[in-house]
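Quick notes on the structure that follows.
The values are calculated or read from the model by the stated rules, or taken from the named source; none is laboratory data. The model shown is predicted, which means the values in this text are computed figures rather than measured ones. Note that each Cβ is placed from the backbone with ideal geometry, even for glycine, and that neighbours are counted across all protein chains shown.
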């Protein structure tokens, strides 16, 4: 996914349009979501088998091409997968903030 991140940064520097950058960002989110679609229980045999096959695909095609292939065969659109990833990111941010707020404030001596 580093390739897409680097591409986005380079695109900004060379003056790509906001819509082109948004399209690249959306694809990046969608492909990130592909990495979390191996099942609810990542330790069952079926999930491990899917993940092993995906890693084999990465070895053959590279990370971005393997993720694009998996996305194409997922039955979901780029937009749907990007939305799922944004929701996941928001849940993680919210949980992190809640944990930080629940932590006791250290007392000053």
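In contact with a helix residue (DSSP H, G or I) (Cβ under 6 Å, 6 or more places away or on another chain) and assigned to a helix (DSSP H, G or I) - does that describe any residue in segment 11-22? Yes, there is a match, as at least one residue in segment 11-22 is in contact with a helix residue (DSSP H, G or I) (Cβ under 6 Å, 6 or more places away or on another chain) and assigned to a helix (DSSP H, G or I).
Residue 60 satisfies every condition listed in (1) outside any helix (DSSP H, G or I); (2) exposed (fewer than 11 other Cβ atoms within 10 Å of the Cβ) except (1). State whether the residues of segment 5-18 include one that is surrounded by 12 or more Cβ atoms within 10 Å (Cβ to Cβ) and under 13 Å from the mean Cα position of the chain (by Cα). Scanning segment 5-18 turns up at least one residue that is surrounded by 12 or more Cβ atoms within 10 Å (Cβ to Cβ) and under 13 Å from the mean Cα position of the chain (by Cα).
Looking only at residues in segment 28-52 that are touching a helix residue (DSSP H, G or I) at 6+ places or on another chain (Cβ under 6 Å) and in a helix (DSSP H, G or I), the one that is farthest from residue 66 (Cα to Cα) is 29. What about residue 70, is it in contact with a helix residue (DSSP H, G or I) (Cβ under 7 Å, 6 or more places away or on another chain) and modelled with pLDDT under 95? In short, yes.
Taking residues in segment 43-69 that are in contact (Cβ under 8 Å) with a residue 40 or more places away in the chain, and partners anywhere that are surrounded by 12 or more Cβ atoms within 10 Å (Cβ to Cβ) and not in a helix (DSSP H, G or I), the pairs with Cβ atoms closer than 8 Å and at least 6 places apart or on different chains are 63/1; 64/1; 67/1; 67/35. The number of residues in segment 66-109 that are closer than 15 Å to residue 28 by Cα, more than 14 Å from the chain's Cα centre (by Cα) and in a helix (DSSP H, G or I) comes to 2.
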